[in-house]
1. Kindly check whether there is at least one residue in region A:45-53 that is closer than 20 Å to residue B:115 by Cα and at the interface with chain B (Cβ under 9 Å from one of its Cβ atoms).
2. Just for region A:18-38: of the residues that are in a helix (DSSP H, G or I) and among the polar types (S, T, N, Q), which one is farthest from residue A:209 (Cα to Cα)?
3. From (1) in a helix (DSSP H, G or I); (2) modelled with pLDDT of 80 or more; (3) not charged (D, E, K, R), pick out the condition that doesn't hold for residue B:46.
4. (1) at pLDDT 80 or above; (2) surrounded by 17 or more Cβ atoms within 10 Å (Cβ to Cβ); (3) not in a strand (DSSP E or B): which one isn't true of residue A:108, the others all being true?
5. When region A:131-142 is examined, which residues are found to be under 22 Å from residue A:209 (Cα atoms) and more than 10 Å from the chain's Cα centre (by Cα)?
6. Of all residues in region B:237-248, which are facing chain A (nearest Cβ under 10 Å) and farther than 13 Å from residue B:147 by Cα?
7. In region A:65-84, what residues are facing chain B (nearest Cβ under 9 Å), buried (at least 19 other Cβ atoms within 10 Å of the Cβ) and modelled with pLDDT of 80 or more?
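The values are calculated or read from the model by the stated rules, or taken from the named source; none is laboratory data. No experiment lies behind these values; they were computed from the predicted model shown. Ideal geometry is used to build each Cβ from the backbone, glycine not excepted, and the neighbour counts take in all protein chains shown.
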Amino acid sequence: MLSIVFWGLALSVSISLLWARNLIVSILLFGLFGTMTSGAYLLMGAPDVSFASLALGAGFTTFVFIISVRKTGKIKVGYVNTPYLIDRKEEVGYTGFEYELISGFAKEQNLDLDFEVITLEADSELKRFDLLMGGLYEDGEHTALFESWNKVQVLETRLLKNEKGEIIDLMRYKHKLMKDGYHDLEYDNLGKSYYFFLIEKTRTELADSLKAFIDEAVEDGRFEEWIRRNLG
Amino acid sequence: MSKTGNIVVLVFLLVFAAGIYLNLNESKLTADRPDYITNLITENGSLNAVGAVYLDYRFYDTLFEVTVFFVAAFGVVMILKRIPATVSEEHKNNIDYNLNGEAVDFRMKTAGTLIFFLSQVFAIYIILTGHLGPGGGFVGGVVAGTGVLVLSGTRDIEGIERGFLDLGIPVFEKVIMLTLPLYGLIGLFVFDAALSNFHLLEHMGIEDSRLWGIGRGELISGGTALFLNMAIGIKVFAGSWAILYHFVKHRGVV
């Protein structure tokens, strides 16, 4: 009779697994499910099966999953240094809107981040990264890059074009304005565009959870706060 | 060497399986079927009825359960050997690294060693008393494998690898796969049927003697149950380690 309690607990654990977005949490819930079924088998008079369920379901698989998540949980981030979005300063470390967003995401998903500066021109170098960031926008120059990576839309921006035909985005334009205090060239507004995070093509689950995280942050106001703090 | 060894073992098992299958005739399958429930305690001598069924009356099933595990480990090793081993840059320094490539500190070492020893003691206990209570070779092997997994997450992975090879665990694995059919043949030629359990000490005239510690409920009871549990335990332990070790070495990922 008491085994029904354990089956009920196992059922509720497996239902709660459906809503677990964090990988570590879902692994621990899976281990808990193994423990619950083990208890149920024990009370049903099958101690042998109970032992196997405990050793495999709660012990072995939990450890294997945790090790593999730790192993794949290191995300190599390549970034283009962009003021206000992701900017490394000697004393303070990293600052910026995109940095706060990605580190909030990493904290929620138990991921380790490994930052490295990149230039978009070194195309073959980029393959070893899982995620590219730092004010990336579609300006027509790096179409091959944007096509071969998963795009996650982060923030709305504007593109501007000067007399020489150079395209520049709002953040870099603002930085230039703050630094120089004036404009030597006239800029035309090209209209709305977006900053993107580029995620390695095979890691669709990473792209999906990042999208979900951004939607959530917009809803609960964190997104607004990051914008207020970094972009003004 | 390892490949030929594995193939020899597999061919031997296939020939053995065919031989046993041809040896089974209808009378053995239907008419002579033992009445497990009533005969179990008197005939087999194990206190654990489940263990008695899978180590005696249904040992043909158990043998191939072990073989499936053997083939799985063999396949993983064969496929991964083609992928070059990943040598982490960090390993060049004189610091110990675990299988995640993280530097090991003393807290991890202490906790990992403690869990390892507890799990090994528990594994040995449930393997040795598999015929007296719940437990047995399969569960014990998995518990021991989990212990090594915890250890390799908290200690120098290369040291564990050396220790494993020095102990000759991969060789043990193949020897055991050969021993199980040989055990079955002893049953066929010396006792009543292939793969049958036999009470060697009782055949020698030392029946149910408390002096020899072979009475019911003693460690040496249930005929060959103790030997089979130990063999299966080592086999499962070695197989689970071989799979994990090759994943770590050749892919860098479990």
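1. Taking region A:45-53 as the starting set, the residues that turn out to be closer than 20 Å to residue B:115 by Cα are A:51-53.
Remaining after also requiring at the interface with chain B (Cβ under 9 Å from one of its Cβ atoms): A:51-52.
Yes: one or more hits.
2. Here is the first cut: in region A:18-38, the residues in a helix (DSSP H, G or I) are A:23-38.
Add one more test, that the residue is among the polar types (S, T, N, Q), and what stays is A:26, A:35, A:37-38.
Values: A:26: 14, A:35: 28, A:37: 30, A:38: 32 Å.
Here the answer is A:38.
3. The number of the failed condition is (1).
4. (2)
5. Taking region A:131-142 as the starting set, the residues that turn out to be under 22 Å from residue A:209 (Cα atoms) are A:131-137.
Scanning region A:131-142 gives A:132, A:133, A:134, A:135, A:136, A:137.
6. Scanning region B:237-248 gives B:243, B:247, B:248.
7. A:66 - this is the single residue of region A:65-84 that is facing chain B (nearest Cβ under 9 Å), buried (at least 19 other Cβ atoms within 10 Å of the Cβ) and modelled with pLDDT of 80 or more.
Every residue, every condition in (1) surrounded by fewer than 16 Cβ atoms within 10 Å (Cβ to Cβ); (2) at pLDDT 90 or above; (3) part of a helix (DSSP H, G or I), yes or no:
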| residue | (1), (2), (3) |
| --- | --- |
| B:83 | yes, no, no |
| B:86 | yes, no, no |
| B:100 | no, no, no |
| B:124 | yes, yes, yes |
